[in-house]
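Shown next, in structure tokens, is the structure this report addresses.
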Ligand code: AOF
Ligand code: ZN
């Protein structure tokens, strides 16, 4: 490892301090090094808060003069909620800036680097670039594709079943795997399920404070599956909760659903009413009620229960169009979503090539039937299977976790 890589690795670690708190902003770390000594460090901690460079420069003070600054993401060049970092670096008199990766935000996109170079600062771009980009894959996807990064999490038996035919899934995996899923929920902007899972399990989809410690263990009856969510103590309202999302084409979620009693937001994505039905509902509403339109009255009841109902166009299969649904989530600032089932939603996302990352727990048990991890249309040939790349395998208690990134044809 070169000197630059060594310092950049530290900056990447610093950036991780903001993991799960900066959305829809990236995580960013910065380090100021003068004459071989680290004289300042900083991380971006929350959207709207100071950028990483600001903290690092503040700590370095006069020692920033002539220093090298390591920053995991290109310093910004725009006046957003905070002033441009490129200007702050120039004003501090730094001599050299080492950048992990370019900021894809169209407001920046190379301008920060150009501004530094124009001021005579020596800029090196792309040190540990692959790691820097992977660290912000959610932010990159949100900015460049205008949809959230989609992680499909699954907990299945050796024969690939997530529940019995009757819908029972308590529990597929052991406590360690379930605690890991709690930790994963803390890192994402949203947690999503399909309506079948919402109806079958009535999950809360929350982060429970017991899982905040490293050893959640048996005490935290955490979830390895959305369905394992039903028996719980209430979460402290002080814990940051991911937005809960239900894909619910025809608004079957009851206003009494448990997730609607929990702190935080619940978004229900439904199929937009046909023009005629919408006009109909509008007219009835104007006349003093929504009784003439069942979908409109269900939407109103859910809204009264605290849900945010977002209608999107229908896809070719008659359910909500998944691209439109994800766009709607991106529009409300959701940059990452953890899909926790069920098989039908996950299958549809896979066919739409919208699963970006897979976190799959295999429990060493055999069910011999039940609900498949992925449902829907089946490919005819093994050659049509979607392979994963960058695969990692980890033993988690009695279970095995396999993670990777689908490679679509
Ligand atoms: C940096 N350093 O630490 C971060 C950057 O709303 P604002 O003002 O915070 O701007 C957010 C944008 O700034 C974000 O979309 C990304 O392009 C960049 N984030 N840039 O130089 C930082 N967090
Ligand atoms: Zn900045």
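Quick notes on this one:
- Counted residues, region 1-29 - those being surrounded by fewer than 16 Cβ atoms within 10 Å (Cβ to Cβ) and not in a helix (DSSP H, G or I): 3
- Residue match in region 304-325 (condition: over 18 Å from residue 194 (Cβ atoms), touching a strand residue (DSSP E or B) at 6+ places or on another chain (Cβ under 7 Å) and outside any loop (DSSP other than H, G, I, E, B)): no
- Residue among 90, 121, 113 that alone is in contact with a strand residue (DSSP E or B) (Cβ under 8 Å, 6 or more places away or on another chain) and either farther than 22 Å from residue 14 by Cα or at pLDDT below 95 (or both): 121
- When 81, 117, 134 are checked against the criterion of being within 9 Å of ligand 1 (Cβ to nearest atom) and either surrounded by fewer than 18 Cβ atoms within 10 Å (Cβ to Cβ) or over 28 Å from residue 240 (Cα atoms) (or both), 81 stands alone in meeting it.
- All told, residue 207 meets the bar of being touching a helix residue (DSSP H, G or I) at 6+ places or on another chain (Cβ under 8 Å) and buried (at least 24 other Cβ atoms within 10 Å of the Cβ).
- Among the residues making up region 30-82, those that are more than 15 Å from ligand 2 (Cβ to nearest atom) and in a loop (DSSP other than H, G, I, E, B) are 35, 36, 65, 66, 67.
- Boolean, residue 70 is within 15 Å of ligand 1 (Cβ to nearest atom), on the phi < 0 side of the Ramachandran plot and touching a residue at least 60 places away in the same chain (Cβ under 8 Å): yes
- Here residue 19 clears all of (1) within 8 Å of ligand 1 (Cβ to nearest atom); (2) touching a residue at least 60 places away in the same chain (Cβ under 8 Å) except the condition numbered (1).
- Single residue of 244, 221, 232, 304 found to be at pLDDT 80 or above and surrounded by 15 or more Cβ atoms within 10 Å (Cβ to Cβ): 244
- Filtered residues of region 84-103 (kept if outside any loop (DSSP other than H, G, I, E, B), away from ligand 1 (no atom under 12 Å from the Cβ) and in contact (Cβ under 8 Å) with a residue 24 or more places away in the chain): 90, 92, 96, 98
The values are calculated or read from the model by the stated rules, or taken from the named source; none is laboratory data. What you are looking at is a predicted structure, and each value in this text was computed from that prediction instead of being measured. No Cβ is skipped: glycine too gets one built from the backbone with ideal geometry, and neighbour counts run over all protein chains shown.
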